[in-house]
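Structure, as structure tokens:
The values are calculated or read from the model by the stated rules, or taken from the named source; none is laboratory data. Treat the numbers as computed from the prediction; the structure is a model and nothing was measured. All Cβ positions, even for glycine, are placed from backbone atoms using ideal geometry, and neighbour counts span all protein chains on display.
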């Protein structure tokens with residue numbers, strides 16, 4: 001038996017309808033525009049490999065760009081993630097675009113070179129040379145790209161996971177965040193430390209979870225620094241046992257052993273318990 005659509009599902013149906021219309025309209029517009037540019041204005045010959053490859057890349061690339069806002073919004077509309085988590089989708093889209101684009105760039109560069117020096121790529125020997133040159137170049141470009149993009153995507157997923165866990169705990173645990181008021185001047189880090197934090201990837205958006213190394217040799221774990229410049233919280237302490245000026249150095253927290261992110265363990269230092 002069918003069930004009545006909830007308001008959220010209705011929004012989803014309307015979203016998919018707009019997606020379909022945008023997909024068709026975006027491809028049609030890209031096709032007509034680049035046909036006009038290549039064959040009417042530039043008088044290009046589609047039999048020229050570079051013209052053909054350039055046309056394919058620009059038509060489908062433009063079409064892909066028109067879909068990006070909808071591809072990002074889809075996860076929010078369908079309830080898989082919120083607005084902040086859309087950065088995860090953004091990095092995936094960048095990864096896909098650069099991966100496909102680098103392959104076509106290698107094809108665009110090598111096809112005319114090999115054809116002019118070794119003959120038609122339809123020849124078996126020449127085609128093997130073409131495959132080695134194109135895919136070899138692609139892999140050389142792709143390897144550092146994969147390392148860089150993996151870090152970005154993994155970081156975006158980790159941020160989203162931490163935010164979801166924090167929101168979940170807020171609903172599960174009715175106890176407010178423990179708060180203690182420490183004057184802002186006593187929480188502000190020295191300039192050398194703020195400069196160092198700028199070079200360290202954020203643990204979550206807008207903040208670093210660090211181990212503070214004090215001048216007396218103590219190591220205070222799980223200290224949260226907001227905006228790269230001031231202490232906002234600490235885990236596992238009833239009060240702040242030091243001041244920002246006592247910190248000699250900071251190190252990123254090892255997130256393979258994360259602390260308990262529950263409200264009972266987290267002490268906020270600006271007096272705000274909301």
Look at residue 99 and say whether it is under 21 Å from residue 56 (Cα atoms), at pLDDT 80 or above and within 27 Å of the chain's Cα centre (by Cα).
no
For segment 43-58, give me the residue count where each residue is within 16 Å of residue 30 (Cβ to Cβ) and modelled with pLDDT of 80 or more.
2
Hey, can you tell me all the residues within segment 187-225 that are in contact (Cβ under 8 Å) with a residue 12 or more places away in the chain, within 17 Å of residue 254 (Cβ to Cβ) and more than 29 Å from the chain's Cα centre (by Cα)?
213, 220
